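A.B. asks: Structure provided below as structure tokens; questions to follow.
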Amino acid sequence: MSGFPALTSGHRPVGVVSFAQHDNVRRDGEHNDVEMLLPVIAEVFGNVGITKDDVGFICSGSTDYLVGGPFSFVGALDAVGVWPPRAESHVEMDGAWALYEAWVLLQEGEIDSALVYSFGRSSPGNLSEILALQLDPYYMAPLWPDPCSLAALQAQALIDTGRASEADFAAVAARARRSALGNPKAQLAYDRSPEELLREDYEVAPLRRHALPPLTDGCAAIVLAAGDRAYELCERPAFITGIDHRVETHALGARDLTRSASTTLAGQKAGVGKAGVDVAELHAPFAHQELILVDALGLADDVEVSPSGGALAANPIMSAGLIRIGEASTRIWSGLADRAVAHATSGPCLQQNLVCVLEGV
Amino acid sequence: MSEPVTMMAAPMRLDYVFTPGVAQGKNMHGLERGVFIGQRCPKCKKVYTLSRGSCPTDGVPTDEIVELSNTGTVTTYCVVNVPFAGQSIELPYICAQILLDGANLSFMGLIQEIPAGEIRMGLRVEAVWVPPDELGPTMASVKYFRPNGEPDAAFETYKEYL
Amino acid sequence: MSERCAVIGIGQTVAKSKREDVSIAGLVREAVVMAVEDAGLTFADIDAVVVGKAPDMFEGVMMPELYLAGALGAVGKPMMRVHTAGSVGGSTAIVASHLVASGIHDRVLTVAFEKQSDSDAMWALSVPQPFSSPLLAGAGGYFAPIIRAYMHRSGAPRDVGMKVAVKDRLHALKNPYAHLHLPDISLQMVEDSIMLWDPLHYLESCPSSDGAAAMVIGSERAAAQAETDTGRRPAWIHGMAMRSEPTMFAGRDQVNPQAGRDCAADLYRQAGISDPRADFDMAEVYVPFSWYEPMWLENLGFCAEGDGWKLTEAGATSLIDGGDIPWNCSGGVLSSNPIGASGMLRFLETALQIRGEAGEHQVPDARRALGQAYGGGSQFFSMWVVAVDKP
């Protein structure tokens with residue numbers, strides 16, 4: 001055992017000790033949600049040699065409108081098998097926030113480990129229409145603005161500041177998809193130059209196809225463990241040394257879309273800048289959003305950004321944030337990184353953001 | 001002063017394509033043949049009707065297929081008198097939990113060919129299917145359940161399935 | 001280490017079938033402003049916001065907390081959205097309380113709401129799904145067969161449910177926030193109401209309401225400050241528990257679910273409760289259909305299994321009859337049911353009683369109270385204990 005990293009006074013060391021994710025695919029027409037989750041849950045427990053009966057808390061993240069029926073999380077619980085009855089909760093949010101809820105509970109010391117999972121499909125419905133229902137129901141939703149158009153507004157605003165160009169977006173996308181070639185779970189990976197990508201047509205100007213995320217079906221799971229239990233389950237746990245999340249106003253017109261004030265604040269609270277960062281897994285569904293996030297977190301030029309390919313390589317809705325925490329953790333486990341930052345986002349144009357700092361000892 | 005706006009209509013329509021999955025796909029192929037399919041858990045050995053592919057208590061895949069009987073027992077029921085949007089059945093109607101013979105889980109079904117006043121716990125029933133040329137991979141293949149004339153099941157035989 | 005925490009601010013809207021005078025944001029704003037002011041605070045003092053509600057289809061807005069961030073005073077703060085079916089109001093309060101108990105925050109605002117009139121909740125619960133039975137029965141159609149099973153098992157007389165229906169509506173007459181005020185309520189009136197889902201009469205079922213509930217949860221330090229500033233005493237949280245079990249499985253006891261019993265056992269261990277009927281002065285328990293009072297009396301250990309209806313019949317749960325363990329003095333879910341907020345209203349009402357601020361429906365000298373919420377097909381439970389004394 002190698003001890004624990006320095007933590008904010010009073011905090012208990014909690015580490016990510018296991019991570020599993022489904023293959024990210026455009027459409028899994030073979031399996032239902034439970035069948036997609038079953039192997040992922042089995043793998044996340046199997047990795048560390050425990051079962052559902054060994055964790056003190058279970059928390060999941062998902063959202064009903066993806067499947068067009070209420071209580072989608074209820075059936076998914078059958079992939080875990082909560083019998084005898086278990087302490088369990090659910091957030092209608094990306095799984096990264098389910099992880100946050102579990103981390104909070106682990107702070108109190110009553111339990112030593114928790115299972116976190118999330119799932120979501122883009123394929124059953126029209127995601128552009130579904131996400132329009134996330135907008136102000138009186139003034140925006142009735143106009144059915146799609147998320148790509150809203151992101152394009154943000155991208156255009158960023159270009160107008162002079163801080164980034166379409167070529168920068170293409171460079172982000174080219175790097176992300178090239179990195180994804182090394183990620184067996186990635187959905188969209190290729191080796192194409194930014195110049196080639198810039199010859200694509202606009203989807204929604206100024207965003208070309210390469211600047212958009214793929215539509216993805218997927219799910220993911222993580223096991224958290226506290227204190228000595230983390231070392232029993234993992235040789236080099238990815239300890240959470242800071243985690244925070246913040247939300248901004250929903251009104252796009254009231255925000256500076258070219259900055260992510262909530263990411264900056266969450267990053268400060270999580271202590272991103274207290275020491276150097278080796279790797280950052282950023283949940284940036286659109287290429288230009290990565291530039292905004294790197295800026296908001298104050299990441300130095302030498303930080304490796306989203307080596308998994310990030311959300312541009314696979315964007316399973318409701319899991320893409322949790323997967324960033326998982327991917328960052330794998331870098332700690334392998335020793336490729338000592339200090340990593342993981343980020344998750346929710347809402348139109350990066351409205352809500354979570355930042356998690358992970359460290360190995 | 002004009003009248004305050006108290007309501008606005010925002011109609012929405014969303015279409016979905018559902019994925020039944022492997023387990024439900026097998027169930028549906030059974031319905032297409034006029035047969036109920038159950039799936040047995042490899043751990044607890046319980047047989048689940050309308051399984052979504054996992055044992056709800058053990059969290060493992062239920063991949064052993066079992067063909068179930070066409071008859072079962074009403075474990076409990078209610079008589080529905082409330083109209084609401086989307087309803088397609090004439091009021092009042094009987095809605096019952098039916099435990100098929102050979103299964104370890106009941107499911108909700110419609111009971112007909114019996115007056116509402118005569119429905120009871122323990123009633124033995126059989127499934128009535130749509131004509132063979134109308135059978136399809138859907139629960140709509142089962143028109144309803146009706147009494148099959150057998151004596152009522154003893155409470156002891158189904159008390160664990162309430 | 002787990003830190004002490006308490007309810008230090010309370011706010012709720014009047015529940016109505018249609019709140020046409022406010023938007024969704026206006027509705028939640030009413031409750032949160034009231035809770036924050038009640039704690040002697042401003043929004044600047046709030047560290048984080050935890051929001052709960054039942055399925056998004058009830059309003060037709062996906063993850064509505066994103067749009068509500070401004071109205072909730074959450075901008076620049078951590079905000080979470082909980083959804084655990086009908087137990088969500090309770091679970092939401094528990095998630096918020098853990099943010100304080102864990103030592104992370106000092107003052108957390110928690111709010112739950114439903115504005116069902118903006119969509120159609122009955123429809124939302126019965127959206128046809130292609131792989132399930134096409135038979136549509138609604139929520140009552142799900143629970144009525146379970147109630148019949150309870151009646152069969154316990155041998156309870158048929159009128160017990162009607163007695164609960166009358167008792168809770170009489171309680172509601174003393175609660176100005178309750179949705180249903182039925183001054184003429186009587187056993188005859190319940191019996192004469194239409195039989196919706198036999199054996200459930202119309203008046204044995206909960207209404208459909210618009211409404212919101214909010215609380216501020218404070219640390220020991222925040223509680224002391226609030227008491228100094230407002231003169232209102234904190235309602236100390238002595239225990240919180242959540243339990244889930246699978247929705248359907250072979251041999252599941254839906255009348256007296258194991259998850260409820262386990263949840264209560266965990267809660268009572270934390271709060272040092274050995275005899276719930278004697279140790280609690282009152283309880284607010286999620287009773288959306290009348291018969292769930294005797295069922296939960298047993299599930300929560302207020303009596304032996306099979307005896308719940310005897311407590312109801314003897315008037316033990318009636319504030320008006322001077323019962324020793326009044327249940328749902330606010331009128332309960334049978335009198336107000338803004339679904340997502342219904343569980344939080346149970347928790348909130350216990351805090352109101354402990355602070356001695358329940359007005360006409362106050363239980364004299366209530367020192368320790370139980371709040372319970374359940375959801376789904378009785379597979380999700382959340383509970384807490386609040387008391388006058390510091391834990």
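Coordinate-derived values only; no laboratory data. Predicted model only: the values in this text are computed from it and were never measured. Glycine gets a Cβ as well: all are built from the backbone with ideal geometry, and neighbour counts include every protein chain shown.
A.B. asks: Counting only GluC sites (Glu not before Pro) that are in a DSSP loop and have at most 13 other C-beta atoms within 10 Å, tell me the longest site-free stretch of chain B.
C.D. replies: Numbers: sites that count: B:Glu90, B:Glu113.
Formally, the longest exposed-site-free interval is B:1-89.
A.B. asks: Here's a follow-up. Please list, in chain and number order, the residues 5+ apart from C:Met282 or on another chain whose amide H is under 5 Å from its amide H, with Hs placed from the backbone.
C.D. replies: Amide H neighbours of C:Met282, under 5 Å, 5+ apart: C:Arg368, C:Leu370.
A.B. asks: Counting only residues 5 or more places away or on other chains, whose amide H sits under 5 Å from the amide H of A:His90 once H atoms are built in the peptide plane?
C.D. replies: A:Ser60, C:His83
A.B. asks: Where the centre of each part is set by its Cα atoms, how far does segment C:282-353 sit from segment A:288-353, in angstrom?
C.D. replies: Here the answer is 48 Å between Cα centres.
A.B. asks: Kindly give the semi-axes, whole Å and largest first, of the ellipsoid equivalent to the protein assembly as shown, taking each as the square root of 5 times a Cα gyration tensor eigenvalue.
C.D. replies: Values: eigenvalues 366, 225, 136 Å².
One finds semi-axes of 43, 34, 26 Å for the protein assembly as shown.
A.B. asks: Provide the net charge surrounding A:Pro137, with neighbours chosen by a C-beta distance below 12 Å and charges set as Lys +1, Arg +1, Asp -1, Glu -1.
C.D. replies: Charge balance near A:Pro137 sits at -3.
A.B. asks: Ranking A:Leu77, C:Leu182, B:Leu110 by Cβ neighbours within 10 Å, fewest first, what do you get?
C.D. replies: Values: A:Leu77 27, C:Leu182 18, B:Leu110 21.
By the 10 Å Cβ count, ascending: C:Leu182, B:Leu110, A:Leu77.
A.B. asks: To test your reading of the geometry: what angle, between 0 and 90 degrees and rounded to tens, separates the Cα axis of helix B:21-33 from the longest principal axis of chain B?
C.D. replies: The angle comes out near 80 degrees.
A.B. asks: Quick check: pseudo-label points 7 Å beyond the Cα along Cα→Cβ at B:Asp152 and A:Asp228, how many nm apart are they?
C.D. replies: Taking the two extended label points, one gets 6.0 nm.
A.B. asks: Another question, if that's okay. Can you flag which of A:Lys269/C:Lys115; B:Lys143/C:Lys163; A:Lys52/B:Lys45; B:Lys159/C:Lys310; A:Lys185/B:Lys46 are past 29 Å Cα-Cα? Provide the component values of the computation, followed by the final result.
C.D. replies: Values: A:Lys269/C:Lys115 35 Å; B:Lys143/C:Lys163 38 Å; A:Lys52/B:Lys45 19 Å; B:Lys159/C:Lys310 23 Å; A:Lys185/B:Lys46 35 Å.
The pairs that break the limit, which is 29 Å between Cα atoms, are A:Lys269/C:Lys115; B:Lys143/C:Lys163; A:Lys185/B:Lys46.
A.B. asks: Continuing with this model, one more query. Please state the charge dipole magnitude for segment B:21-161, taken about the Cα centre, from unit charges on C-beta atoms (+1 on K and R, -1 on D and E), reported in debye and rounded to the nearest 20. Walk me through the numbers before you get to the answer.
C.D. replies: On the way: 12 positive and 16 negative charges, 80 e Å.
Charge dipole, segment B:21-161, about its Cα centre: 380 debye, nearest 20.
A.B. asks: Full-extension gain between C:Ala44 and C:Tyr202, please, as 0.36 nm times their residue separation minus the C-alpha to C-alpha distance.
C.D. replies: Working: separation 158, 0.36 × 158 = 56.88 nm, distance 4.52 nm.
Full extension from C:Ala44 to C:Tyr202 adds 52.4 nm.
A.B. asks: Same structure, new question: What is segment C:304-360 by shape, rounded, prolate or oblate, if you read a ≥ b ≥ c off the alpha carbon gyration tensor as root eigenvalues and call it rounded for a/c under 1.5, prolate for a/b larger than b/c, and oblate otherwise? Intermediate results must be reported in sequence, preceding the final value.
C.D. replies: Numbers: a/c = 2.20, a/b = 1.42, b/c = 1.55.
The shape class here is oblate.
A.B. asks: Taking loop as defined by DSSP and a crowding limit of 11 other beta carbons within 10 Å, which GluC sites (Glu not before Pro) in segment A:207-276 fit? Provide the component values of the computation, followed by the final result.
C.D. replies: Values: sites: A:Glu232, A:Glu235, A:Glu248; in loops: A:Glu235, A:Glu248.
Counting only loop positions with at most 11 other Cβ atoms within 10 Å, the GluC sites (Glu not before Pro) in segment A:207-276 are A:Glu235.
A.B. asks: Follow-up. How far apart, in nm, are the 7 Å Cα→Cβ label points at B:Glu134 and C:Ser2?
C.D. replies: Those two pseudo-labels are separated by 5.8 nm.
A.B. asks: Quick one: order C:Ser117, A:Ser118 by neighbouring beta-carbon count within 10 Å, fewest to most. The partial results should precede the final answer.
C.D. replies: Numbers: C:Ser117 19, A:Ser118 35.
Exposure proxy ranking, most exposed first: C:Ser117, A:Ser118.
A.B. asks: While we're on this one: Among B:Tyr93, B:Ala23, B:Val82, whose Cα sits farthest toward the positive end of the charge dipole of segment B:1-115 (+1 at Cβ of Lys/Arg, -1 at Cβ of Asp/Glu, about the Cα centre)?
C.D. replies: B:Ala23
A.B. asks: Please determine, in degrees from 0 to 90 and to the nearest 10, the orientation of helix C:138-154 with respect to the longest principal axis defined by the Cα atoms of chain C, where the helix direction is its Cα long axis.
C.D. replies: For helix C:138-154, the angle is close to 60 degrees.
A.B. asks: Here's another thing I want to ask about it. Quick one: what are the phi-derived ³J(HN,Hα) couplings along segment A:330-343, Karplus 6.51/-1.76/1.60 with θ = phi - 60°, whole Hz, x for glycine and proline?
C.D. replies: My calculation for segment A:330-343 gives 4, 5, 6, 4, 7, x, 5, 9, 9, 9, 10, 10, 10, 9 Hz in order.
A.B. asks: Restricting attention to the alpha-carbon atoms of chain B, what are Rg (one decimal) and Dmax (integer), both in Å?
C.D. replies: My reading of the Cα-based Rg and Dmax gives 19.5, 72 Å.
A.B. asks: Enumerate the calculated ³J(HN,Hα) couplings along segment A:182-190 in order (Karplus 6.51 cos²θ - 1.76 cosθ + 1.60, θ = phi - 60°), each rounded to whole Hz, writing x wherever the residue is Gly or Pro.
C.D. replies: Each residue's phi maps through the Karplus curve to give x, 10, x, 8, 5, 9, 10, 9, 6 Hz.
A.B. asks: Hey, another quick one. Would you mind telling me the antiparallel percentage of the DSSP bridges in segment B:21-161, rounded to 5? Mind dumping the intermediate values first?
C.D. replies: Numbers: 29 of 30 bridges.
The antiparallel proportion sits near 95 percent.
A.B. asks: Over segment A:63-159, what lengths in whole Å, largest first, do the semi-axes of the equivalent ellipsoid take, defined as the square roots of 5 times the eigenvalues of the alpha-carbon gyration tensor? Can you show the working numbers first?
C.D. replies: On the way: eigenvalues 219, 66, 24 Å².
Rounded to whole Å, the semi-axes are 33, 18, 11.
A.B. asks: Continuing with the same structure: Once you charge only the Cβ atoms, +1 for Lys and Arg and -1 for Asp and Glu, what is the size of the charge dipole of segment C:1-68 about its Cα centre, to the nearest 20 debye? Let's see the in-between values first.
C.D. replies: On the way: 6 positive and 11 negative charges, 46 e Å.
That gives segment C:1-68 a dipole magnitude of about 220 debye.
A.B. asks: Restricting to bridges with both residues inside chain A, how much of the DSSP beta-bridge set is antiparallel, in percent to the nearest 5? If you can, show how the numbers build up before the last one.
C.D. replies: Numbers: 37 of 52 bridges.
Close to 70 percent.
A.B. asks: Also, I was wondering about something else. Pop a pseudo-label 7 angstrom from the Cα along the beta-carbon direction at both A:Asp53 and A:Tyr202 and give the gap in nm to one decimal.
C.D. replies: According to this spin-label approximation, the distance is 6.1 nm.
A.B. asks: Relative to the longest principal Cα axis of chain A, at what angle does helix A:166-180 sit, 0 to 90 degrees, rounded to 10?
C.D. replies: Tilt relative to chain A: about 30 degrees.
A.B. asks: Name the residues of segment B:147-162 whose amide N is less than 18 Å from a point 7 angstrom out from the Cα of B:Glu118 along the C-beta direction?
C.D. replies: Label zone hits: B:147-153.
A.B. asks: Tell me which of A:Tyr65, B:Ala154, C:Gln379 sits at the most positive position along the dipole axis of the protein assembly as shown, charges placed on C-beta atoms (Lys, Arg +1; Asp, Glu -1).
C.D. replies: C:Gln379
A.B. asks: For segment A:48-94 and segment C:185-210, write down the distance between their C-alpha centroids in whole Å.
C.D. replies: The distance from the Cα centre of segment A:48-94 to that of segment C:185-210 comes to 35 Å.
A.B. asks: Among DSSP bridges having both ends in the protein assembly as shown, what percentage is antiparallel? Round to the nearest 5. Please report the intermediate quantities before stating the final value.
C.D. replies: Values: 108 of 139 bridges.
Antiparallel bridges make up about 80 percent of those DSSP assigns within the protein assembly as shown.
A.B. asks: Which ³J(HN,Hα) values, rounded to whole Hz and listed in residue order, are derived for segment C:304-318 from phi using the Karplus coefficients 6.51, -1.76 and 1.60 in 6.51 cos²θ - 1.76 cosθ + 1.60 with θ = phi - 60°, glycine and proline given as x?
C.D. replies: Those phi angles translate into 6, 4, x, 9, x, 5, 5, 5, 4, 4, 7, x, 4, 9, 9 Hz.
A.B. asks: Also: Determine, for B:Ile65, A:Ile240, C:Ile104, C:Ile194, the number of other Cβ atoms within 10 Å of each Cβ, and report the residues in order from fewest to most.
C.D. replies: Numbers: B:Ile65 14, A:Ile240 28, C:Ile104 22, C:Ile194 9.
The most exposed by this proxy come first: C:Ile194, B:Ile65, C:Ile104, A:Ile240.
A.B. asks: Something else: Name the residue from A:Val172, A:Leu197, A:Ala151 whose Cα lies farthest towards the positive end of the charge dipole of segment A:147-205, charges +1 on Cβ of Lys and Arg and -1 on Cβ of Asp and Glu.
C.D. replies: Farthest towards the positive pole: A:Val172.
A.B. asks: Run the helix sum for chain C: -39,500 (n - 2.57) per DSSP H stretch of 4+ residues, divided by residue count, reported at 222 nm to the nearest 500 deg cm²/dmol. Could you put the intermediate results ahead of the total?
C.D. replies: Numbers: 14 runs with 137 residues, N = 391.
Rounded to the nearest 500, the figure is -10000 deg cm²/dmol.
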